[in-house]
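Comments concern the structure below.
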Amino acid sequence: MNNLLFLLLSSVSIISALLVIFSKNPVYSVLFLVLTFFTLAGHFAIFLGAEFLAIVNIIVYAGAIMVLFLFVIMLLNLNKESEPTTPMLSKISAIVAGGLFLLVLFAALTNQINAPEALNSKAGDIGMVKKLGQVLFTEYLLPFEISSVLFLSAMVGAVMLGKKDLKQG
Amino acid sequence: MEILLFDKIFLIVIVFAVSLVIALYSTLAERKVSAFLQDRIGPNRAGTFGLLQPVADGVKFFFKEDIIPSHADKALYILGPSISMITALMTSAVIPWGTYITFSGRQVAMQIADINIGILYVFAVVSIGVYGIMIGGWGSNNKFSLLGALRASSQMISYEIAMGLSIISIVMMTGSMSLGEIVSQQHGMDWNIFYQPVGFLIFCTCAFAECNRTPFDLPECEAELVGGYHTEYSSMKLGLYLFSEYINIFISSAIMSAMFFGGYNFPFMDQIASPNLVSIIGVFVFFAKIIFFIFFFMWVRWTIPRFRYDQLMKLGWKYLIPLALANIVITGTVMLIKYQFFN
């Protein structure tokens, strides 16, 4: 049962991830990316027992960030005619960079985890809100606080960029 | 296991049917309430007191010609109302409709799924709901629809933040994100509204904005945008959009009464000996609260005029979010003082 579900979810996530790249229409790409996030959240919740992470993934990525993506793409009204032509060199370099990144990911993941074992153990209740909060505020307090400062600076930056006239109040 | 599954399926079917029937009759109630507020009679031709009016409307929707504009993106045009309807119906899964009913020696919980992140689930579904409007608005390939869709999405994203912040103070008090736990802690008359009146005000305002209801119904502002995001829709696809709005009202009312007004809890519930009787009365009490809030939604709609768009954004970002943040700080301070000195 679990294996079947895993196969189903994984195949949907891989297919939708591929469709993100291969869709001609950028709006469809965004929608397939949303679907990919959903299947990833499903993996977190069902196989890794990380319900909190799954739901936050949906709220933040699928619910907020992708809506803004869609927003921008709808307003830009991208289509075939307005598509900028990319030079051959940048296409080749993009392929090389992507391939290298894949290699790094592959090397990192093969050494790290034995996938079936992680699937079966369900990693206890580490994904539950209470446990996660305790770990964040004790063991990982400093990184947590530093990343919140990082977010604050990003927010200030966004407000600065959004201001029309900097001199005016 | 099989009995449990059967219980759940039975409960899902009931909740599904009840949501649809309440949404169906909300359309009639809306017209009756507006008639009452404007000193008219309202629909009274179909059936006694117009009770068959929703059925007549539904039949009309089904038999109207279904037009798909030739320039529309057909797949997205169909996907839009479907997503709206699905997300509207999904939220009811975590709402605790009552406590337990015991019969033939086993307890049956009247909640479909008591997951430990219940509130976040509601937020996730609500944040997905905006796609229905956006996709429909863009897919119809019409400037007015697109403008309506953009307004809807920016409005919903803005108000989601204040809504989430207003919930945090409740979560801090309760110590749990499960809706079942939050409701059961408000036993008797110990409702959250007495501790978090500001939180309720913020949540209620945001719920109006999330449902695209007046005074925040700018996405379908007919004076500027023809019909907003559903300008191009006809027949049952339009019906689904309008219908999902009423289901959203029903679900928001249910969540408001569960989170702030004690859900199925009612005063003097400990005096009744039979637990089954308590939970049955509890269900009725919960629905009475929900129906009051549905009426409240309509009352506001026919009393208050629409905001301007910049006023809407100003209210959301400059007043509600700081207010919600202050509410969190005050709740935290009070809780700390209580913990330090009165424990």
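The values are calculated or read from the model by the stated rules, or taken from the named source; none is laboratory data. Everything quoted here is computed from the prediction, not taken from an experiment. Note that we place each Cβ from the backbone using ideal geometry, even for glycine, and neighbour counts take in every protein chain shown.
Okay, here's what the table says:
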| read-out | value |
| --- | --- |
| Test: residue in the stretch B:250-257 that is crowded, with 18+ Cβ neighbours inside 10 Å, free of Cβ contacts under 8 Å to residues at least 40 places away in the same chain and not hydrophobic (A, V, I, L, M, F, W, C) | yes |
| Of all residues in the stretch A:40-53 being touching a residue at least 24 places away in the same chain (Cβ under 8 Å) and within 15 Å of the chain's Cα centre (by Cα), the one that is farthest from the other protein chains (Cβ to nearest Cβ) | A:43 |
| Tally, over the stretch B:17-58, of residues that are loosely packed, with under 15 Cβ neighbours inside 10 Å, touching a residue at least 40 places away in the same chain (Cβ under 8 Å) and in a helix (DSSP H, G or I) | 1 |
| Boolean, residue B:131 is out of contact with any Gly (no Cβ under 9 Å at 6 or more places or on another chain), part of a helix (DSSP H, G or I) and either within 12 Å of another protein chain (Cβ to nearest Cβ) or at pLDDT below 80 (or both) | no |
| Extreme residue, farthest from residue B:130 (Cα to Cα), among residues of the stretch B:157-173 that are at pLDDT 85 or above and facing chain A (nearest Cβ under 10 Å) | B:171 |
| Residue match in the stretch A:72-80 (condition: within 14 Å of chain B (Cβ to nearest Cβ), within 29 Å of residue B:210 (Cβ to Cβ) and modelled with pLDDT of 85 or more) | no |
| In the stretch B:228-268, the residues that are assigned to a helix (DSSP H, G or I), within 19 Å of residue B:58 (Cα to Cα) and polar (S, T, N, Q) | B:235, B:244, B:248 |
| Among (1) at pLDDT 70 or above; (2) closer than 27 Å to residue B:171 by Cβ, the one test that residue A:126 misses | (1) |
| Residue check, residue B:173 of a type in the set (A, V, I, L, M, F, W, C) and within 19 Å of residue B:118 (Cα to Cα) | yes |
| Odd one out for residue A:35, checked against (1) facing another protein chain (nearest Cβ under 8 Å); (2) surrounded by 17 or more Cβ atoms within 10 Å (Cβ to Cβ) | (1) |
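A quick yes/no check of all residues on (1) out of contact with any strand residue (DSSP E or B) (no Cβ under 7 Å at 6 or more places or on another chain); (2) under 15 Å from residue B:251 (Cα atoms); (3) of a type in the set (D, E, K, R):
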site: B:48; (1), (2), (3): yes, no, no
site: B:71; (1), (2), (3): yes, no, no
site: B:75; (1), (2), (3): yes, no, no
site: B:86; (1), (2), (3): yes, yes, no
site: B:143; (1), (2), (3): yes, no, yes
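This table checks each residue for (1) within 11 Å of chain A (Cβ to nearest Cβ); (2) in a helix (DSSP H, G or I); (3) surrounded by 23 or more Cβ atoms within 10 Å (Cβ to Cβ).
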residue	(1), (2), (3)
B:93	no, yes, no
B:107	no, no, no
B:120	yes, yes, yes
B:127	yes, yes, yes
B:141	yes, no, no
B:150	yes, yes, no
